[in-house]
Amino acid sequence: MGRLTPKQKRDLHRKKYLIAYREDTKERNKRFREIRDRTLAGVIASITARIKRSCKEAKKPIASCSEEELDRFLDTQGIIPLYAIWLDNKYDKNLKPIVFRINNNLGFVLGNLKLDTYAEYRKSFKE
């Protein structure tokens, strides 16, 4: 193999830099998401995103309630105590608060939503 020209050296250096930068950015973004997703606001944002994603995947209309209505629903259903339990148990996946549909055929409408933990959601499949 011959010697590299100055242009080839620059290109090689640029590629190595970009690869290292991308890997560093991925790690930084992952850490940021982990921290954000453990806040109450992050949990509520992930619930909202999950509802939108589920509606899109099922090709059903997006939830008919506004974000304010969903926030009120979460408050009245007791998201703060569920969040505190999840926090006290060091972010145990089974205790994370989630919203799921009571009847899958009805979609995400306020009367058909239930706030509970992931473990309770999994139990509902076994029944």
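Given LYS93/LYS126; LYS15/LYS96; LYS30/LYS96; LYS90/LYS114; LYS60/LYS114; LYS90/LYS126, which pairs have Cα atoms separated by over 29 Å?
Values: LYS93/LYS126 18 Å; LYS15/LYS96 41 Å; LYS30/LYS96 19 Å; LYS90/LYS114 23 Å; LYS60/LYS114 19 Å; LYS90/LYS126 26 Å.
Check vs 29 Å cut-off fails for LYS15/LYS96.
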Projected area, mean over directions - the chain, Cα convex hull, nm²: 13.1 nm²
Which of LEU74, TYR17, ILE44, positive extreme of dipole for the chain (C-beta unit charges): TYR17
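Counting other Cβ atoms within 10 Å, keep those with at most 12, restrict to DSSP loop, and tell me which trypsin sites (Lys or Arg not before Pro) in region 33-127 are left.
LYS59, LYS90
Please give the contour-minus-distance gain from TYR118 to ASP24: 0.36 nm per residue of separation, less the Cα-Cα distance, rounded to one decimal in nm. Walk me through the numbers before you get to the answer.
Details: separation 94, 0.36 × 94 = 33.84 nm, distance 3.17 nm.
Contour length minus Cα-Cα distance gives 30.7 nm.
Please identify the GluC sites (Glu not before Pro) of region 65-118 that satisfy two criteria: DSSP loop assignment and at most 14 other Cβ atoms within 10 Å. Which are they? Let's see the in-between values first.
Values: sites: GLU67, GLU68, GLU69; in loops: none.
When the GluC sites (Glu not before Pro) of region 65-118 are filtered for loop state and at most 14 Cβ neighbours within 10 Å, nothing remains.
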In nm, spacing of pseudo-spin labels at ARG10 and ASP75 (7 Å Cα→C-beta vector): 5.9 nm
Full-extension gain in nm, ARG101 to ARG53, via 0.36 nm per residue minus C-alpha separation: 15.9 nm
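Throughout, read-outs are computed from the coordinates displayed, never taken from laboratory work. Computed from a prediction, not measured in an experiment: that's the story for all the values here. Please note: Cβ atoms are built from the backbone with ideal geometry, for glycine as well, and neighbour counts cover all protein chains shown.
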